[in-house]
Each structure stands twice: as C-alpha cells, then as structure tokens.
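Below is one structure, written out as structure tokens, with a few remarks after it.
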Amino acid sequence: MADEIDDPGVDFHGGMGDDPDQLDGEEVMEDDPEVKEIMGDEVDDAADEQRTNIRGSGNAPKSVGSDQEEAIVQCDTSAGPITMHFYRSWSPHGYDRATTLFEKGYFDHSHFFRVVEHFLVQFGIGYTTDKELKAFSQSTIPDDPKRPKLLPFKEGMMSFAGSGPNSRSSQMFIAYDGAGGLGQSPWETPFGKVTSGLENVQNFYKGYGDMPPWGKGPKQGPIYKRGADYIKKDFPLLDKFETCSVQRMNQSGAGVIKDVNVIKQSDTEVIQDANVVKNVAAEIKKANVVNKAETKEEVLSFPFTTLLILSSIVLSVLLGLDYMRNKKKKKYNKTT
C-alpha cells in the first residue's frame, strides 16, 4: 500500500495523474461535444473562468465567518447513515465550500467513485442539473494553512482532493486506516471527520479498486459526461449518498455577542428577581414580627380569660351542689 500511496500517478484530485483519459482539468470538458450537449451553454460561458479556476487561481469569494463555526452533516448512504463534523477553525475556505455544497444538496445521490481499501474513499462529482450550482462546484478556492497538529491523518478524517495549489473545488475524500501519509500536499488540509457511522464507510464496496491503470474503478471523465448512468451500467455495486442535512453552530461573532447580551440581560433579570425575593422576604419577616407580637398578646391574655371561665364554672357547680344539699335537707326535716 505504501507503494500505491507514493506513486505520483495516484494523487487524489480532480485530475488523476497523467492519464489523458481521466478528467485532468476543465479543458477535457469544455471541448467535448458530449459534455456541451449535456451541460449546455454554461460550458462556453464559464470556459475562460474555469480555465483559470481549475488550475488554481483560487479566486473564490473571500472566506468570512466565525472561526468557531462548526457544522454537523448527517447523510443517509446505500451502506447506512453517517454523521460528519466540520470545523471552520481547521480550514476556513474548505469548511465554507464543503458545508455549502452539502447544504445545497450537491452530493445527494452521487457515488463514492473511488474506494481503495486501507487508503481512502473519494467522492464529489454531483449529478445536479442546476447550472448555478454546477458552476459553483467547479470553481476553486484558495488553499488554507496547513495544520500539523491534525496530522497524521486518522481514519475518518476528511479533506479536499486537488491537483495543485489552490485547486480545491468539489471533490473530497474520507481517509481509511492506511492514509497516514496524506496531508503534505497544499490542498490536503483537513476540514472535518466522520463521527458516527464509520463502520458504514468501512463497508463501502471496494471490489473495483482504484481507478485505471491501478485498478478497475470508474474514470472521472465519463462520470462528468454521462453522470449516474455510467456508474449504474458499468459499476453497479458502488455505494452512494442518498440525502444529507446540515446543522450549523456558532455561526458568527455577532451571534456570540448577541448571546452574551442575552446572558447579561438574563443576569440583570436574575438580580432584579433576587431583589424582589429579598423585598418579599423582608415583608414576610416584618409580618412574622407582627404576628409574633399579636401571638404574644394572645398568650398573655389567655390565662386570665381561662381562669375567669373556669371560676364561673366552678362557682356554678358549687351553687348547684349547695342548692341540692339544702333541698335534700328540707325534705328530711319534713319526714321527721
């Protein structure tokens, strides 16, 4: 496998080595009548721009946004679901391009056309018929700074494929366990990794091997020309994306400031609520003091009232007994 990785013809980019049958730049597409028939006038309209872009001017719009932004991308594939986590702090331009392509559905139903055991899975030739999206996918972006701390590549890490400086467009790869030597080329700055479903990525069909002449896999030119029909007819066992969804997080500094202000506002409200509670507690304490005073008065007045009542009862009982005794005495005197 080391020989395969080090082979200069097996580079992981849009143009595959020196094989003229592979798609090695836009010149193959723009002059091909079959491609013009499929893609229409956009080939002529974009030709001049693409001649420059494909070979690496990197004239995409300047990357803007928070370095703290991240994205969770969840995709269904023919082998099962996978979840990817993208980090803008790793590769700002790469992050922006990858996240946008997934959001726009560019990869939906496209194939993993290059699956090499212990090396990588490559994808990124979409089947969209949307002219703007297709032109966007073919434009290139500048390279991002290298990230030595992220190297060597670990299984599941993701990067763009490329063909030279500033050549990244839409093709990407997921590293397998033997891809530790990747990351040295200017386009190989990681932008994310597979965080769930890696076993499904490992199970992608590998029977066709690499592209010709190193394997029997599909060539890129026919994929661009014929789309999914080429894969379905000649490589029916290749796995593919179904559909994907994207959730962005920490999107901008303004959003962070807004969140901080909300927190500050919440803290103010908490303080205000605390003051209210404090005031209520003071009122309750005051009321308790009053209640205690009233209770004390009641406690102090309780014995006198009770004694008065008890005295009245005792007096009534005594008078009653005296009355009964006198009555009984009179009755006895009459008898005698």
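The values are calculated or read from the model by the stated rules, or taken from the named source; none is laboratory data. Since we're looking at a predicted model, the values are computed, not measured. Positions of Cβ are backbone-derived with ideal geometry, glycine not excepted, and every protein chain shown enters the neighbour counts. Surface accessibility is based on the protein's heavy atoms, side chains included, excluding ligands, DNA and RNA. Shrake-Rupley method; radii C 1.70, N 1.55, O 1.52, S 1.80 Å.
Here the Karplus relation 6.51 cos²θ - 1.76 cosθ + 1.60, evaluated at θ = phi - 60°, turns the backbone of the range 217-230 into coupling constants of x, x, 8, 6, x, x, 5, 4, 6, 10, x, 5, 4, 4 Hz, with x for every Gly and Pro. Couplings 3J(HN,Hα) of the range 205-211, computed from phi: 5, 10, x, 7, x, 6, 5 Hz, in residue order, whole Hz [Karplus 6.51 cos²θ - 1.76 cosθ + 1.60, θ = phi - 60°; x for Gly and Pro]. In order along the range 96-101, the Karplus-derived 3J(HN,Hα) couplings, from 6.51 cos²θ - 1.76 cosθ + 1.60 at θ = phi - 60°, round to 4, 5, 4, 5, 5, 4 Hz, and Gly and Pro are given as x. With a simple spin-label model that places each label point 7 Å from the Cα along the Cα-to-Cβ direction, the separation between D76 and Q184 comes to 4.2 nm. Remark: for residue pairs K206/K232; K134/K216; K134/K240; K104/K131; K131/K225, the C-alpha separation exceeds 21 Å in K134/K216.
Size descriptors for the range 135-227 (Cα atoms only): Rg and Dmax, in that order, 14.3, 41 Å. Averaged per residue, the range 89-219 has 35 square angstrom of accessible surface, using a 1.4 angstrom probe with ligands and nucleic acids left out. Once backbone amide H atoms are built at 1.01 Å from N, R168 has I141 as its partners under 5 Å, excluding neighbours fewer than 5 places away on the same chain. In this calculation the C-beta distance from K146 to S245 is compared with R0 = 30 Å, giving a FRET efficiency of 0.45. Placing unit charges on each Cβ (+1 for Lys and Arg, -1 for Asp and Glu) gives the range 123-197 a dipole about its Cα centre, and among M172, T128, S159 the Cα reaching farthest toward its positive end belongs to S159. P152: net charge of surrounding residues, Cβ under 12 Å, Lys/Arg +1, Asp/Glu -1, itself excluded? Combined, the nearby Lys, Arg, Asp and Glu give 0. Peptides 103-114, 225-236, 153-164 ranked from most to least packed by the mean count of surrounding Cβ atoms within 10 Å: 153-164, 103-114, 225-236.
Here the accessible area of the range 96-194 is 53 percent carbon and sulfur, with a 1.4 angstrom probe and all protein chains present.
About the Cα centre of the range 123-223, what is the dipole size in debye to 20, counting +1 per Lys and Arg Cβ and -1 per Asp and Glu Cβ, all else neutral?
80 debye
Under a 5 Å amide H cut-off, with hydrogens placed 1.01 Å from N, R114 pairs with Q122 among residues at least 5 apart or on other chains. Need the C-alpha centroid separation for the range 93-148 versus the range 183-243, integer Å. Between the Cα centres of the range 93-148 and the range 183-243 lies a distance of 12 Å.
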